[in-house]
Amino acid sequence: MAELEAFSRGERSVGNILVTGVTGFVGAALAERLHSAGAAVRGAVRRDVAESVSFEPTMVGSIDGATEWGDALAGMEAVVHLAARAHVLDEPEADPLEAFRRVNVEGTLWLARQAAEAGVRRFVFLSSIGVNGHENVRPFSEGDAPSPQEPYAVSKREAEDGLRELAADTGMELVIIRPSLVYGPGAPGNFGSLLRWVHKGVPLPLGAVTQNRRSLVALDNLVDLIVTCLDHPAAVGETFLVADGEDVSTAGLLRKVGDALERPARLVPVSVWMLRAGAAALGKGEMARRLLGSLQVDASKAREVLGWVPPVSLDEGLRRAVAPLRG
């Protein structure tokens, strides 16, 4: 069975897996994939959730440096840690970095310590491409010096550093994955908004944004790499960047979205400098950077070390992403 071949690498296989963030965009897809491959999945949840055929829910409450993980970790062979405090548009905290550290650093390291004590063999941590930086003129790679620019990315880098120290001390196997922008059905954030705007035929002033390049990763591709890293012997101690392998400009991406929707994207050619100036005047500089700048990823290490090839192309990933909009 292809699913099991992708799930089990080498001589070992992982059967009991704890997934945090299991009800989120990535977590729900991962739990379904693992369940279909025959794994026993336990999902750590913060509050009561409806019963799921994909995972066994276990309540852990809020994630920080005091969370009790004993019941959730009992009998687990591996942990995939997806839960995190993510970007917040209207940040309510006076000290955002401290808020990110409570969950993303203290919460992560406390979970990892308890996992090691419980005999968990492998810990897969979903980090962020923001650890490398938020814009580039050449593709990021795993060998680049970290350069996080935002509190969220700073917290992810600190968590990575702490996890490496803990793995060295305890012998627990660690794998770190830094995804580029993840897209798929029900994608949150700016990407989901772009899909809906193209679907509704909203004119977008991005037709001249043809010189930037962005790397993306389809949800199915990210899930496939996580599954591979759960048991591949060569993944131990490694950090992997992940992307589809086809970089596009913002205008090119929107045209591909239109093709997937079978309706043309309505793109108005407004110059990039005018867009940047307008965004700055409106206090939308961060959104402009994401739409107008470049962020490319060299994901060749996963191919070379793991023999991993993204199973889904960009065009196919976009077709799957827009499927709910097409009905």
Residue count for the stretch 121-157, restricted to those that are open to solvent by 10 Å² or more (accessible area, probe 1.4 Å) and not in a helix (DSSP H, G or I): 20
Condition met for G107 (assigned to a loop (DSSP other than H, G, I, E, B) and open to solvent by less than 60 Å² (accessible area, probe 1.4 Å)): no
Boolean, V175 is crowded, with 23+ Cβ neighbours inside 10 Å and over 23 Å from V236 (Cβ atoms): no
Single match in L194, L181, L241 (criterion: open to solvent by 60 Å² or more (accessible area, probe 1.4 Å) and hydrophobic (A, V, I, L, M, F, W, C)): L181
Tally of residues being in contact with a strand residue (DSSP E or B) (Cβ under 9 Å, 6 or more places away or on another chain) and of a type outside the set (G, A, S) across the stretch 238-281: 17
Neighbours by Cβ (under 8 Å, 6+ apart or cross-chain): first from the stretch 108-133, more than 17 Å from V217 (Cα to Cα); second part of a strand (DSSP E or B) and charged (D, E, K, R): R121/E173; R122/E173; F123/E173
Some residue of the stretch 37-60 being under 24 Å from P185 (Cα atoms), in a helix (DSSP H, G or I), modelled with pLDDT of 75 or more and open to solvent by 50 Å² or more (accessible area, probe 1.4 Å): no
All positions within the stretch 259-308 that are among the acidic types (D, E), over 20 Å from H87 (Cα atoms) and either part of a helix (DSSP H, G or I) or open to solvent by less than 50 Å² (accessible area, probe 1.4 Å) (or both): D259, E304
Check on R113, open to solvent by 40 Å² or more (accessible area, probe 1.4 Å), basic (K, R) and under 22 Å from V26 (Cα atoms): no
Checking V14 against (1) among the β-branched types (V, I, T); (2) modelled with pLDDT under 85; (3) open to solvent by 20 Å² or more (accessible area, probe 1.4 Å), the condition it does not meet: (3)
Those residues of the stretch 72-87 which are over 12 Å from the mean Cα position of the chain (by Cα), small (G, A, S) and open to solvent by 30 Å² or more (accessible area, probe 1.4 Å), in sequence order: A74, G75
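The values are calculated or read from the model by the stated rules, or taken from the named source; none is laboratory data. Keep in mind the model is a prediction, meaning the values are calculated, not measured. When we count neighbours, we look across all protein chains shown, and the Cβ atoms used for this are built from the backbone with ideal geometry, even at glycine. Just so you know, the surface numbers come from the protein's heavy atoms only, side chains and all, with ligands and any DNA or RNA stripped out. Shrake-Rupley method; radii C 1.70, N 1.55, O 1.52, S 1.80 Å.
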